[in-house]
Structures are given as structure tokens and as C-alpha cells.
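Please read the structure below before turning to the comments.
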Amino acid sequence: QVHVAESGGGLVQPGGSLRLSCAASGGIFSNGDLAWYRQAPGRRRELVARIRSDFYTEYGDSVKDRATISRDNANEMAFLQMNNLKPEDTAVYYCNLNSFRGSYWGQGTQVTVSS
């Protein structure tokens with residue numbers, strides 16, 4: 001059975017940094033594409049960043065140059081480092097593992113950027 005769980009959210013001041021973690025289990029992590037999405041109240045879920053199984057990365061326009069996605073296949077972990085956070089980054093951040101066996105989502109972690 002595949003599980004995905006996010007951690008690392010919290011309250012951060014504008015201009016600050018945060019590192020989100022995504023832990024997966026089920027043995028399919030290294031063959032899957034891992035993405036971070038976010039959803040703010042009243043808005044659609046949007047892609048923040050994606051790292052493919054071949055380590056190719058892509059980023060949403062709203063976080064480009066401020067975010068770095070990475071993965072550790074040996075430990076089935078993925079990370080999202082975000083710098084220079086802005087109030088508009090406030091959202092629930094979700095980890096998504098997309099593999100040949102299906103698409104798996106975590107429960108989300110809240111990130112609030114406020115002074």
C-alpha cells in the first residue's frame with residue numbers, strides 16, 4: 001500500500017524560508033514523478049514544482065527562482081525549499097506521487113506567510 005505524507009508547514013514571516021518534506025512508502029517512489037501543489041482558500045489547486053523520476057524539474061511561474069524541489073530515492077523522501085516567501089504563498093501544500101500504479105496524495109500541510 002502506498003502512503004504519502006507532508007510535513008514542515010507553519011507560520012513564517014514575509015521574506016522568510018521554509019522547507020517542506022514529503023515521505024512516501026510502498027516501494028514505488030523511485031519510479032514515480034513527485035510534485036508539490038498548493039491550494040489557497042477560494043482558489044484552484046496549482047502546481048508549485050515537479051521532479052520526475054529522471055530528476056528533471058519544473059516550476060510554477062509564481063515560485064520560479066524562489067523554490068527548489070529535490071528528492072532522495074533511497075529514503076523515499078522529497079523536499080521543497082522555498083525562499084523569500086510572500087503572503088500570497090499562503091496555502092495548503094500537497095505532495096503528489098504519480099506512478100504506474102496510480103496517483104497518490106498526502107493530506108497537506110498548511111503554510112501561512114504573515115507578519
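Among the residues making up the stretch 71-115, those that are aliphatic (A, V, I, L, M) and closer than 16 Å to R38 by Cα are A78, L80, M82, L85, A91, V92, L97, V111, V113. Of the numbered criteria (1) farther than 21 Å from Q107 by Cα; (2) acidic (D, E); (3) under 15 Å from the mean Cα position of the chain (by Cα), the one D65 fails is (3).
Residue count for the stretch 6-27 under the criterion of being in a strand (DSSP E or B) and either open to solvent by less than 60 Å² (accessible area, probe 1.4 Å) or under 13 Å from Y94 (Cβ atoms) (or both): the result is 11. Scanning the stretch 88-111 for residues that are in contact with an Asp or Glu (Cβ under 9 Å, 6 or more places away or on another chain) and hydroxyl-bearing (S, T, Y) turns up Y93, Y94, S99, T109. Counting the residues of the stretch 70-99 that are out of contact with any Cys (no Cβ under 8 Å at 6 or more places or on another chain), open to solvent by less than 10 Å² (accessible area, probe 1.4 Å), hydrophobic (A, V, I, L, M, F, W, C) and without any contact (Cβ under 8 Å) to a residue 60 or more places away in the chain gives 1.
The values are calculated or read from the model by the stated rules, or taken from the named source; none is laboratory data. Since the structure is predicted, the reported quantities are computational estimates derived from the model, not experimental observations. Positions of Cβ are generated from backbone atoms using ideal geometry, with glycine treated the same way; all protein chains shown enter the neighbour counts. Surface accessibility is based on the protein's heavy atoms, side chains included, excluding ligands, DNA and RNA. Shrake-Rupley method; radii C 1.70, N 1.55, O 1.52, S 1.80 Å.
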